[in-house]
1. Of the peptides 228-238, 282-292, how do they stack up when ordered by the mean number of other Cβ atoms within 10 Å, highest first?
2. Once label points are set 7 Å from the Cα along Cα→Cβ at both Ile201 and Tyr157, what is their separation, rounded to one decimal in nm?
3. Using 0.36 nm per residue of separation minus the Cα-Cα distance, give me the extension gain between Ala73 and Lys86 in nm, one decimal.
4. Can you give the FRET efficiency to the nearest 0.05 for Trp61 and Phe20, using r as the Cβ-Cβ distance and R₀ = 30 Å?
5. When you count, for each residue, the other Cβ atoms within 10 Å and take the mean per peptide, how do 77-83, 113-119, 128-134, 100-106 rank with the highest first?
6. For Ser111, enumerate residues with amide H under 5 Å from its amide H, sequence gap 5+ or separate chain, H modeled in the peptide plane.
Amino acid sequence: MEGRIDFRDQISRNKWKSFFLMVIIFIVIIVLGYVISMATDPGYFFIIMIIATLFSILYIWVSYYNSHKIAIASVGAKKAFREQYKMYHDIVEGLTLASGLPKPELYVMPSKNINAFASGRDPSHSVVCVTEGALEKLDRRELEGVLAHELGHIGCYDIRYMTLVAVMVGMISIISQIFLRSLWFRGGGGGKDKGNAIFMIIAIALAILAPIVVWLVQMSISRKREFSADASSVKFTRYPEGLISALKKIQKENTPEGKNVSKVLAPLFISNPFKGLGSTHPALEERIKVLQRM
């Protein structure tokens, strides 16, 4: 029989795994840049890097300061006032005392499915949003487990982390697209040496494959973060059965969220809102099994 898992070990292990996945993305950027620079002249590559960097800086600036506003607006969520959602507020306030985190702004999004997400650049500028279905279908202990999971994301600065990953993925995509599109305007290139031609072939292959590779890595990081947030939920509530029961109820639902959720936000939710895109989240069965050992 497998031994029980300590939630502290689970959080620490997933943080290290995520760090190594980030290193992989950095290596992909370096290799892609090197090969393209060998296939083209250094000055041309320098221009590409300047453009990519400017785009990345603009993206991270907008995302960093407005990520929570963008997320809330994109799902049509409304602010959850205490008069209407007293239990929601009471649970979050109890969890903030247990976790030592500041209370986030609370929102409710229109959906009959059970789901929730957190966003924000840091614990002091964060929001938690749950679906109407979560408030209707979950009992107090189940809802507490789900909300503790979201506070786990906030406490571990997951949103900031995922924004950084998204920027690097975006940078690779921009570099790849500029390089591939530039080939159409380069003409024959006047037959350079064999070594340069080989680097050009490698550069084209990497430019096509690199965005796919880093997207897969990004999805893998998202999955690791879900396990870490599950462990944080146990840490804050000391009651894994609440989240386990909530995940089992989510497991029974088969209706996707529909058009009111952007695919970009899928990694933020506690459960993948698009049933066909399983790569953004680990299987619910696997998460339940891990929680049962805590």
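Read-outs throughout are calculated quantities, based only on the coordinates presented, and are distinct from any laboratory measurement. Note that the structure is predicted; figures quoted are calculated from it, not measured. Backbone-built Cβ (ideal geometry, glycine too); neighbour counts: all protein chains shown.
1. 228-238, 282-292
2. Spacing of the two 7 Å Cα→Cβ label points: 4.5 nm.
3. 2.4 nm
4. For R0 = 30 Å, the calculated efficiency reads 0.65.
5. Highest mean packing first, the order is 113-119, 128-134, 100-106, 77-83.
6. Under 5 Å from the amide H of Ser111 lie the amide H atoms of Glu132, Gly133, each far enough along the sequence or on another chain.
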